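Here is the structure we will look at.
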Amino acid sequence: MIQFWNKRVKEGILTEDTALDKELEAIKREIKENVKKKFAGSLAIRMVDSGSCNACEAECNALSNPYYDLERLGIYFVASPRHADVMLLNGLMTFNMTPHVLDAYKQIPEPKWVITLGACPVMEAPFEKTFAVKAPAADHLPVAHHIPGCPPEPLEIIRGLLEFLKKI
Ligand code: SF4
């Protein structure tokens, strides 16, 4: 018990997961190196929602906070497909959104890659296949990498981005 209180006095109340912090730091280092080597230090992502519940987007928003700090690694979310290297696609590929997704893909300059995010684009989310659902996205686009989860946590997204960078 005395050891516990000594530690508490010395370190305060720890709420952070230090093992996770270390893993994240290692992933960040590798991402930065890969972005530098393969994209001259700057990788632009256009996120496209093809009919989602918005939880995947909420998790992606967390990537910009000071903890994950994706921009410091050279990865940016951009507003136009014309400025992008990668399309990060989430959602179900609905009947209404499919032509817009294909149009956005067409506007990304070569070379370009598609990463699918979450269970929706691979038709693993709990939705029925109907006339309004055009998933899986791979039927319409050349998908280079998939990041699973429903929704994937920011750490899973960041891990997935590193897997993609190592693959290409
Ligand atoms: S994968 Fe899950 S969390 Fe992401 S958009 Fe689909 S239903 Fe929502």
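The values are calculated or read from the model by the stated rules, or taken from the named source; none is laboratory data. Since the model is a prediction, treat every value here as computed from it, not as a measurement. Glycine gets a Cβ as well: all are built from the backbone with ideal geometry, and neighbour counts include every protein chain shown. Just so you know, the surface numbers come from the protein's heavy atoms only, side chains and all, with ligands and any DNA or RNA stripped out. Shrake-Rupley method; radii C 1.70, N 1.55, O 1.52, S 1.80 Å.
I'm told LEU92 meets every condition in (1) within 16 Å of the ligand (Cβ to nearest atom); (2) closer than 19 Å to ILE158 by Cβ; (3) over 15 Å from the mean Cα position of the chain (by Cα) except one. Can you identify the failing condition by its number?
Just one mismatch for LEU92, condition (2).
Name every residue in region 82-92 that is open to solvent by 10 Å² or more (accessible area, probe 1.4 Å) and touching a Gly at 6+ places or on another chain (Cβ under 8 Å), in order of residue number.
Hit for region 82-92 is LEU92, nothing else.
Could you list, in sequence order, all residues of region 147-160 that are touching a strand residue (DSSP E or B) at 6+ places or on another chain (Cβ under 7 Å) and crowded, with 20+ Cβ neighbours inside 10 Å?
ILE147, PRO152, ILE157, GLY160
Is it true that GLY74 is of a type in the set (Gly, Ala, Ser), open to solvent by less than 30 Å² (accessible area, probe 1.4 Å), in contact with a Cys (Cβ under 7 Å, 6 or more places away or on another chain) and at pLDDT 95 or above?
It is false that GLY74 is of a type in the set (Gly, Ala, Ser), open to solvent by less than 30 Å² (accessible area, probe 1.4 Å), in contact with a Cys (Cβ under 7 Å, 6 or more places away or on another chain) and at pLDDT 95 or above.
Which is more than 16 Å from the ligand (Cβ to nearest atom), out of contact with any helix residue (DSSP H, G or I) (no Cβ under 8 Å at 6 or more places or on another chain) and open to solvent by less than 20 Å² (accessible area, probe 1.4 Å), of PHE164, PHE131?
Going through PHE164, PHE131 in turn, the sole match is PHE164.
Checking ALA79 against (1) farther than 30 Å from ASP21 by Cβ; (2) open to solvent by less than 60 Å² (accessible area, probe 1.4 Å); (3) more than 16 Å from the ligand (Cβ to nearest atom), which single condition isn't satisfied?
For ALA79, the failing item is (2).
Please go through region 113-130 and give me each residue that is of a type outside the set (S, T, N, Q) and within 16 Å of the chain's Cα centre (by Cα), ordered by number.
To start, the set of residues in region 113-130 that are of a type outside the set (S, T, N, Q) comprises 113-115, 117-129.
Listed by number, the residues that qualify are TRP113, VAL114, ILE115, LEU117, GLY118, ALA119, CYS120, PRO121, VAL122.
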